[in-house]
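Engineer: Okay, handing you the structure first.
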Amino acid sequence: MDVEQPWSRPARRRQPVRAGLVLAGAAVALCCVGVAGLGAWNVQVVTQAAGPVRETADGFLRQVTVGDTDGAYQRLCTDARTRWSELGFTSWVRTPPVVRDYEILDVSVATRSGRPVGTVTVRLTRESGTTEQRELSVVRDDAGWRVCGDPY
């Protein structure tokens, strides 16, 4: 007596490899979205900073060329002001050959350690008629953009 058993669906084999691949793909996609978002944020910060960096360097150099060393000194970053006294900065700026004119050649902004830092390339014309190309470092602090380092 053969009794036929009712039909039953065969057991499905588990496929852990497929589930792992799906999870790995989702993780990669999430990372790509995060990297793209971080990149877009970085580009936005850098492009928005170019204008204020140029304005800071332009204001600083304008004050230096007209002899307003007090105003130029106030545009220096805290680090530069700790290295230079106001009197020392004034005598340094007024030491011949004095800067009589300038031309901003390039402004670039990059991020270092997550903070925007600007570099302004300028051509300085001295009272003797000689010209030289210099780079001004411009950093952002609590009070805004400031010229940092030895300006020229």
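The values are calculated or read from the model by the stated rules, or taken from the named source; none is laboratory data. All values reported here derive from a predicted model rather than from experimental measurement. Using ideal geometry, Cβ is built from the backbone for each residue, glycine included, and neighbour counts are taken over all protein chains shown.
Engineer: Which number in (1) modelled with pLDDT under 90; (2) surrounded by 12 or more Cβ atoms within 10 Å (Cβ to Cβ) marks the one condition that residue 80 misses?
Structural biologist: Here residue 80 meets the rest and fails (1).
Engineer: If a residue must be outside any strand (DSSP E or B) and surrounded by 12 or more Cβ atoms within 10 Å (Cβ to Cβ), how many such residues does the stretch 95-148 contain?
Structural biologist: Summing the residues that are outside any strand (DSSP E or B) and surrounded by 12 or more Cβ atoms within 10 Å (Cβ to Cβ) in the stretch 95-148 gives 2.
Engineer: Which numbered condition in (1) under 24 Å from residue 50 (Cα atoms); (2) at pLDDT 90 or above; (3) among the aliphatic types (A, V, I, L, M) is the only one that residue 143 fails?
Structural biologist: All conditions pass for residue 143, except number (2).
Engineer: Between a residue in the stretch 94-106 that is among the aromatic types (Phe, Trp, Tyr) and any residue that is surrounded by 12 or more Cβ atoms within 10 Å (Cβ to Cβ), which pairs come within a Cβ distance under 7 Å, given they are 6 or more apart or on different chains?
Structural biologist: 102/61; 102/65; 102/122; 102/123; 102/124; 102/125
Engineer: Within the stretch 62-77, track down each residue that is surrounded by fewer than 18 Cβ atoms within 10 Å (Cβ to Cβ) and part of a loop (DSSP other than H, G, I, E, B).
Structural biologist: Correct list: 67, 68.
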